[in-house]
Amino acid sequence: MCKSSAPGFKTLGIMITYILVFIFSFTGNSVVVFVVSCMKSGRASTDIYLMNLAIADLAFCLTLPFWAVYAHYGWIFGDALCKILSGLQEVSAYCGVFLLACISIDRYFAIVHAKRSLSSRNILIKVVCGVAWLVSAVLALPVAMQRQSIPGGQNDEKICYENLTGESNSHWGVTVLILRHTMGFFIPLAIMAVCYGCTIVKLLHARNQQKHKAMRVILAVVLAFILCWLPFNVSVLIDALIKSESLPVETCEAWYTVEKMLSVTQVLAFTHCMVNPVLYAFIGQKFRNQLLSVLYKHGVISKKIHQAYRKGSVNSGGSLRSRNTSVTV
């Protein structure tokens with residue numbers, strides 16, 4: 001009988017990584033929430049999505065200290081917290097992915113069809129965000145129900161484990177998991193690919209000095225999302241098939257290889273909540289202006305620095321920087 005975790009796997013680095021990601025993610029996303037909330041006027045639809053994305057990333061990163069301890073010491077927090085934190089993590093992860101898809105759709109209409117962002121229809125955007133949170137909660141419910149704190153780690157340490165073996169005959173657990181990952185990752189990924197693909201084509205034909213920068217931003221967004229989440233989602237599906245006995249493994253070494261791959265890709269996926277503030281906010285001109293204004297109003301920076309920055313932003317205009325411009329692209 002193979003243990004549920006690979007023996008001899010070094011976990012100290014994972015624990016330190018989770019703690020660092022928590023610190024940077026909490027700081028970056030808190031700044032995003034604060035700055036966007038200070039926008040009294042001119043808040044575009046994408047800014048509302050960005051606010052909800054930052055909240056989702058904050059909720060996600062709040063679970064990281066627990067996973068940091070878990071990675072090195074085993075699960076010591078009991079069965080209830082295993083279910084609650086797993087559910088919270090899944091809700092925030094799914095919601096973040098859905099909001100990224102919404103941002104790609106918003107940018108598609110703003111750039112490809114040159115339509116004004118729906119800043120005057122903020123209620124509709126808030127409803128869309130509410131639906132994203134609701135669907136995410138529904139998709140996360142099976143995880144919260146199936147996760148259990150059971151012995152199975154190294155030195156009989158407890159693990160927070162998604163038990164699928166009880167439904168191996170009907171493969172219902174695997175079917176639900178595949179459905180979750182299809183709706184929560186692969187479909188949003190396809191939406192992002194189509195929307196950003198059309199946006200890049202439009203920018204290639206646009207006579208604008210900012211088009212190359214905008215293309216770099218879009219490519220960075222898509223590549224970061226794929227690089228962070230695709231390996232983890234593939235690893236989770238393989239792991240679930242093995243746990244449900246749908247995909248047999250011949251040796252414990254093969255099982256442990258999959259578990260190590262899952263741990264490494266999970267670390268990569270979890271870093272995405274730290275990357276989001278950089279990709280969707282800090283490289284955006286409007287957000288930098290708003291951040292500087294907030295810092296100036298609170299006396300953090302001088303008037304000279306504030307005016308110098310604002311002057312630079314005014315002189316770097318372009319046709320794409322219209323009232324459609326948000327804190328993202």
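The values are calculated or read from the model by the stated rules, or taken from the named source; none is laboratory data. In this text, all values refer to a predicted model and were calculated from it rather than measured experimentally. So basically every Cβ, Gly included, is an ideal-geometry build from the backbone, and we count neighbours across all protein chains shown.
The table below lists the values:
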item	result
Any chance I226 is surrounded by fewer than 17 Cβ atoms within 10 Å (Cβ to Cβ) and either modelled with pLDDT of 80 or more or not in a helix (DSSP H, G or I) (or both)	yes
Any hit, segment 279-297, residues being touching a Leu at 6+ places or on another chain (Cβ under 6 Å) and modelled with pLDDT of 75 or more	no
Of the criteria (1) within 30 Å of I150 (Cβ to Cβ); (2) crowded, with 24+ Cβ neighbours inside 10 Å; (3) over 13 Å from the mean Cα position of the chain (by Cα), which one G74 fails	(2)
One residue from D79, D106 being of a type outside the set (S, T, Y) and either touching a Phe, Trp or Tyr at 6+ places or on another chain (Cβ under 8 Å) or within 20 Å of Y280 (Cα to Cα) (or both)	D106
Cross-chain or 6+ apart pairs with Cβ under 6 Å, segment 195-210 first and farther than 9 Å from Y108 by Cβ and at pLDDT 75 or above, then of a type in the set (K, R) and surrounded by 16 or more Cβ atoms within 10 Å (Cβ to Cβ)	L203/K211
First in segment 286-308 and within 18 Å of S37 (Cα to Cα) and in contact (Cβ under 8 Å) with a residue 24 or more places away in the chain, second anywhere and buried (at least 17 other Cβ atoms within 10 Å of the Cβ) and of a type in the set (D, E), Cβ under 9 Å, 6 or more apart	K286/D47; F287/D47
